[in-house]
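What follows is calculated from the coordinates using simple rules that are stated; it is not laboratory data. Bear in mind the structure is a predicted one, so any value in this text is a computation, not a measurement. Ideal geometry is used to build each Cβ from the backbone, glycine not excepted, and the neighbour counts take in all protein chains shown.
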Amino acid sequence: MPKRPNNNKDKAKPKRKNNQGSIYYDKATNKYRAAITTEDGKRASKRFDSEQEAEDWVALKRAEMGLGTFIAPSETRLGEYMVEWLETHIEPDVRQRTLDRYISLTAHLGKLKDKPIQQITATMLKKLYNNIKVKRVHKDPKTKEKIIEMVPASGETKKKVHNLIHACLEQARIDRIIQSNPAKDVTPPKVTREEVETFTEEEINKMLTTCKSMKNLSGHPEHQWYPAVYMAVVTGVRMSELLGLRWIDAQDGYIYIRQGLHMTDSGEIIFEDPKSSAGKRKISLPPEYIPILAQCKAKAMEKYGEDFSTELLVFTSLEGTPINPQNWQRFWRKLLHQAGVEPKNFHALRHTHATKLLAAGMPLMDVSRRLGHAKPSHTLDLYGHAMPGHDDIIASKIADIYNLPDKIEKPPAEPEEKTPDK
């Protein structure tokens, strides 16, 4: 408990000048309150257990004001500031889907969104990350009833939340709402990369065979989206790139990735350019697929007649409209079920394409370009395990490389027998 002030002693103290700060004892709280008037005329104050602590605080704030580092007290809360930050600093410079992802991440702020920014600490942020949970929906294997449960979020989700808060608080520091960014003192959540899912050759063939004969309403013996699935298998394109492909982008044995079809959180279908220059690319088609695509184009030209345009999408709904990504996902799940293939994300076709190429000894740089990765290191990080190893060959050459004194001499290679001319 702080020692009560000596009234006679206090009266003997000279009166402080304006803007020099003030200190007085508050009987209601049994603490010393220090206060100082800021440059903009606002009053900053804080309570302390001892008079000396109050004196030190006033001296520190006066020094900060003199150096221009003083941060005025603010009750601005994280949630309200983040809304302003997103509107001012993020929305004008990002795509709608990116903004939607940022907004969806704010749902994980919990009670911290109502906390004044100046009161947020690194420990608070760490506790927030530790407790983030996400909704998981699955069916009971016996009753087939839908079960919804909250499970701990992945490290990737936690890191995205951390990056969001870090960027927001850094802007708050620039705006002089806080003196330092507490997110900088938090170790980013660890991301454990799961091994990518791929299909076997048998599963790929099952999918293609099943898709070709799936019941459909197109009036043709094979499903109208069979050419789309086949293209995904032999090119490794993303779903958005596949659904956004136009006839002008498919010619002379190549496809050109120039746009992607996406759906916003509001359900609107939009077309966007690839994020990076590497995403805009030219992909060669295997000769086995070219006749399939040609037949697909012939059907489209017959359907549209004089209205056919190379600006039309290659793969559409039966009505000729862009394929809704949600409808494609439903079709994909149905296809795997009918083919008797274990459910996997559509992106597994892309992973399969990449790993097959690398396992076949295709150069990393060429595979990376085909996938549209901005950096070959990203391709290597994802699929490096599929590349054939040459460690045995390396070991056999070590002695020659170092010219070791006790190296084992290898027998000379026998000359190849020449085939006599006929």
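So how far apart, in nm, are the two label points at residue 298 and residue 213 if each is 7 Å from Cα heading toward Cβ?
2.3 nm
Which is farthest toward the positive dipole end of the range 78-185 among 174, 134, 82, measuring Cα position about the Cα centre, with Cβ charges +1 (Lys, Arg) and -1 (Asp, Glu)?
So the residue furthest toward the plus end is 134.
What aspartates and glutamates does residue 299 reach when the alpha-carbon gap must be under 19 Å and sequence neighbours fewer than 8 apart in one chain are set aside?
Within the straight-line limit of under 19 Å, residue 299 reaches these aspartates and glutamates: 222, 249, 252, 288, 307, 311, 319.
Report relative contact order for the range 201-384 in percent, whole number only (criteria: Cα-Cα under 8 Å, sequence separation at least 6).
25 percent
Does the range 268-349 classify as rounded, prolate or oblate by the C-alpha gyration tensor (a ≥ b ≥ c root eigenvalues; a/c under 1.5 gives rounded; else a/b over b/c gives prolate, otherwise oblate)?
rounded
Per the Cauchy relation, a quarter of the hull surface: what is the mean projected area of the convex hull of the alpha carbons in the chain, in nm²?
Here the figure is 41.7 nm², rounded to one decimal.
Taking the beta-carbon count within 10 Å as an exposure proxy, list 36, 248 from fewest neighbours to most.
Fewest-to-most ranking of 36, 248: 248, 36.
Just from its helices, what would the mean residue ellipticity at 222 nm be for the chain, if runs of 4 or more DSSP H residues each count -39500 (n - 2.57) and the sum is divided by every residue, rounded to the nearest 500 deg cm²/dmol?
Computed mean residue ellipticity for the chain: -12000 deg cm²/dmol.
For the range 78-185, calculate the relative contact order in percent as a whole number, restricting contacts to Cα pairs under 8 Å that are 6 or more residues apart.
It comes to 27 percent, rounded to a whole number.
So for 318, 169, fewest C-beta neighbours within 10 Å to most, what's the order?
Fewest-to-most Cβ neighbours within 10 Å comes out as 318, 169.
With the contact rule set at Cα under 8 Å and sequence spacing of 6 or more, what percent relative contact order holds for the chain?
10 percent
Okay, which of the range 131-161 sit inside 13 Å, backbone N to the point 7 Å along the Cα-Cβ direction of residue 107?
Only 133-137, 149-151 pass the distance filter.
Listing 230, 304 from the residue with the fewest other Cβ atoms within 10 Å to the one with the most, what is the order?
Going from sparsest to densest Cβ surroundings: 304, 230.
With +1 on each Lys and Arg Cβ and -1 on each Asp and Glu Cβ, how big is the dipole of the range 285-422 about its Cα centre, in debye rounded to the nearest 20?
So the dipole magnitude of the range 285-422 works out to roughly 640 debye.
How large is the dipole of the chain about the Cα centre if only Lys and Arg carry +1 and Asp and Glu carry -1, each at its Cβ, rounded to the nearest 20 debye?
About 2740 debye.
Roughly how many debye, to the nearest 20, is the charge dipole of the range 296-376 about its Cα centre, given +1 on each Lys and Arg Cβ, -1 on each Asp and Glu Cβ, and no other charges?
Computed charge dipole of the range 296-376: roughly 480 debye.
Between residue 369 and residue 24, with labels modelled 7 Å along Cα→Cβ, what's the label distance in nm to one decimal, could you check?
Distance between the two pseudo-spin positions: 7.7 nm.
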